[in-house]
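Colleague: Got a structure for you, questions after.
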Amino acid sequence: MAKNDAEGFSKELLDQLLAGRDPKTVLDSGGLVGDLKKALAERMLNAEMDVHLANEAEAGFRNHRNGTSGKTVLTPDGSLELSIPRDRHGRFDPALIGKYRRRFPGFDDKIIALYARGVSTRDIQAHVRELYGIEISPDLVSAVTDSVIDEVTAWQARPLEASYAIVFFDALRVKIRDEGLVKNKAVYLAIGMRASGHKEVLGLWIEQSEGAKFWLRVMNEIRGRGTQDILIAVVDGLKGFPEAITAVFPDTVVQTCIVHLIRYSMQFASWKERKAIAAALKPVYRAENAEAAATELETFDRGPWGRKYPAIAQSWRRNWEAVIPFFACPAEGRKIIYTTNAIESLNASVRKAVRNKGHFPNDQAATKLIWLALRNVAAKWKNPPITWHAAKAQLAIQFEDRFVLSE
């Protein structure tokens, strides 16, 4: 028996395949690898034809082979000339490369991966030309990426968990053409954290302006998809949002994002003052409890920064009822609950993907790219945060039987 150089291939077979080949081109699409791919693809197509004709005979149809037709298909490694078998009645539609298709399995995935990273349609065209020597049209790129729209629709309507421990809500702005004008529209995102600590993106919504009616529609949609309870909702002080949440989920604790409050506070100060003001605010949100936090806020207000910028303490007092819920949790869990770091990180990834787009031609184009970017980020969410174990124990005590660990 011949000794194997690689699993399943004898040395003699490899020598036979490589005989007379230029070592410099053997791995090119036009070299040995391309020839093998062509031979394997045509063998698979002929095997599909054999099965098709057998099924036709079993069904009582008199059908037979009718030669082949040439077809150029695009692969991730270059173009490939295939001989596609034909049947007499023209009913053969191979699964490997179906009728009217010019792209081999895997090619579309390459285009979609580039698009999801914010590469423009024209740049994808140039990228494919340079790497694979294939000329594709911008319309082809659009057609390939449009194929994910059905997935987006199914994802947006999928059932959700019955209960979420925490849901983070936030918005980012993108430019979208609407009625002939390029407008700044808000893309709203929601991340749900289950009692196990695992995260998932619940949905995305595009709206030109935010308000109570819009948020009420979003909350009703989340409820309609199966969610019956949200323990804590972390929000960015969005207008009308707390009322919309409690209208649909009356027992939900609404927590204002401390990071956003700090950023709002910084807007009153110059750049050189912001570091000092941020340090002066730390005792407020790092206090042991709500009473101590209120005392620290008074101290800040009476101090030099509070006297210079009285609007800072006023903004904290206006949101105070939504500021203090996290004080019921231990220090280990506060970083998870009182900031929207999880969704801020997600937004950063989305912004990176849309940065080179300038503006989108319509809402659907924006949804398509943002969903692809979200999918890439969510694929990396494997484990709960390190501090979740301690937070989980405290939440189970605080919310009792409402804190439900799913199977």
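The values are calculated or read from the model by the stated rules, or taken from the named source; none is laboratory data. The structure displayed is predicted, hence computed values, not measured ones. No Cβ is skipped: glycine too gets one built from the backbone with ideal geometry, and neighbour counts run over all protein chains shown. SASA here: full protein model, heavy atoms, side chains in, ligands and nucleic acids out. Shrake-Rupley method; radii C 1.70, N 1.55, O 1.52, S 1.80 Å.
Colleague: Can you tell me which residue is farthest from the chain's Cα centre (by Cα) among those in the stretch 244-257 that are free of Cβ contacts under 8 Å to residues at least 40 places away in the same chain and outside any helix (DSSP H, G or I)?
Modeller: Pro250
Colleague: Would you mind stating whether Thr252 is open to solvent by less than 20 Å² (accessible area, probe 1.4 Å), among the polar types (S, T, N, Q) and touching a Ser or Thr at 6+ places or on another chain (Cβ under 9 Å)?
Modeller: yes
Colleague: Still on this model: Would you check if there is a residue in the stretch 307-324 being open to solvent by less than 10 Å² (accessible area, probe 1.4 Å), assigned to a helix (DSSP H, G or I), modelled with pLDDT under 85 and on the phi < 0 side of the Ramachandran plot?
Modeller: Within the stretch 307-324, the subset open to solvent by less than 10 Å² (accessible area, probe 1.4 Å) is 312-313, 315-316, 323.
Imposing the further condition that a residue be assigned to a helix (DSSP H, G or I) reduces the set to 312-313, 315-316, 323.
Now drop any that are not modelled with pLDDT under 85, which leaves 323.
Those still in the list that are on the phi < 0 side of the Ramachandran plot too: 323.
Within the stretch 307-324 (the criterion being open to solvent by less than 10 Å² (accessible area, probe 1.4 Å), assigned to a helix (DSSP H, G or I), modelled with pLDDT under 85 and on the phi < 0 side of the Ramachandran plot), the answer is yes, since at least one residue qualifies.
Colleague: Sort out which residues of the stretch 116-139 are in a helix (DSSP H, G or I) and either over 26 Å from Ala366 (Cα atoms) or at pLDDT below 70 (or both), and write them in order of number.
Modeller: If the condition is that a residue be in a helix (DSSP H, G or I) and either over 26 Å from Ala366 (Cα atoms) or at pLDDT below 70 (or both), then Ala116, Glu130, Leu131, Tyr132 are the ones that fit.
Colleague: Another question, then. Answer with yes or no whether Ala342 is surrounded by fewer than 20 Cβ atoms within 10 Å (Cβ to Cβ), modelled with pLDDT of 80 or more and either part of a helix (DSSP H, G or I) or touching a strand residue (DSSP E or B) at 6+ places or on another chain (Cβ under 7 Å) (or both).
Modeller: no
Colleague: Which numbered condition trips up Tyr100, out of (1) modelled with pLDDT of 70 or more; (2) within 30 Å of Phe61 (Cβ to Cβ)?
Modeller: (1)
Colleague: Would a scan of the stretch 223-243 turn up a residue that is among the polar types (S, T, N, Q) and either assigned to a loop (DSSP other than H, G, I, E, B) or open to solvent by less than 50 Å² (accessible area, probe 1.4 Å) (or both)?
Modeller: yes
Colleague: Of all residues in the stretch 140-150 being in a helix (DSSP H, G or I), open to solvent by 10 Å² or more (accessible area, probe 1.4 Å) and free of Cβ contacts under 8 Å to residues at least 40 places away in the same chain, which is farthest from Gly226 (Cα to Cα)?
Modeller: Among those residues, the one meeting the criterion is Leu140.
Conditions (1) open to solvent by less than 80 Å² (accessible area, probe 1.4 Å); (2) of a type in the set (Asp, Glu); (3) at positive phi, marked per residue:
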position: Gly358; (1), (2), (3): yes, no, yes
position: Pro361; (1), (2), (3): no, no, no
position: Thr367; (1), (2), (3): yes, no, no
position: Ile370; (1), (2), (3): yes, no, no
position: Ala391; (1), (2), (3): yes, no, no
position: Leu395; (1), (2), (3): yes, no, no
position: Arg402; (1), (2), (3): yes, no, no
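Colleague: Something else about it: Would it be correct to say that Leu160 is part of a strand (DSSP E or B), open to solvent by less than 30 Å² (accessible area, probe 1.4 Å) and either without any contact (Cβ under 8 Å) to a residue 60 or more places away in the chain or not polar (S, T, N, Q) (or both)?
Modeller: It is false that Leu160 is part of a strand (DSSP E or B), open to solvent by less than 30 Å² (accessible area, probe 1.4 Å) and either without any contact (Cβ under 8 Å) to a residue 60 or more places away in the chain or not polar (S, T, N, Q) (or both).
Colleague: Right, Ala276: farther than 30 Å from Ile176 by Cβ and open to solvent by less than 60 Å² (accessible area, probe 1.4 Å) or not?
Modeller: Taking the combined requirement at face value, the residue satisfies it.
Colleague: Which condition from (1) in a helix (DSSP H, G or I); (2) touching a residue at least 40 places away in the same chain (Cβ under 8 Å); (3) surrounded by fewer than 16 Cβ atoms within 10 Å (Cβ to Cβ); (4) not β-branched (Val, Ile, Thr) is the one that His260 breaks?
Modeller: (3)
Colleague: Same structure again: Mind checking whether some residue in the stretch 277-297 is in contact with a Pro (Cβ under 8 Å, 6 or more places away or on another chain), in a helix (DSSP H, G or I) and within 24 Å of Phe327 (Cα to Cα)?
Modeller: yes
Colleague: Counting just the residues of the stretch 263-273 that are aromatic (Phe, Trp, Tyr) and surrounded by 14 or more Cβ atoms within 10 Å (Cβ to Cβ), which one comes out nearest to Arg317 (Cα to Cα)? Lay out the reasoning, then the answer.
Modeller: Residues of the stretch 263-273 that are aromatic (Phe, Trp, Tyr), as a first pass: 264, 268, 271.
Restricting the remaining residues to those that are surrounded by 14 or more Cβ atoms within 10 Å (Cβ to Cβ) gives 264, 268.
Numbers: Tyr264: 13, Phe268: 16 Å.
Filtering the stretch 263-273 for residues that are aromatic (Phe, Trp, Tyr) and surrounded by 14 or more Cβ atoms within 10 Å (Cβ to Cβ), the one nearest to Arg317 (Cα to Cα) comes out as Tyr264.
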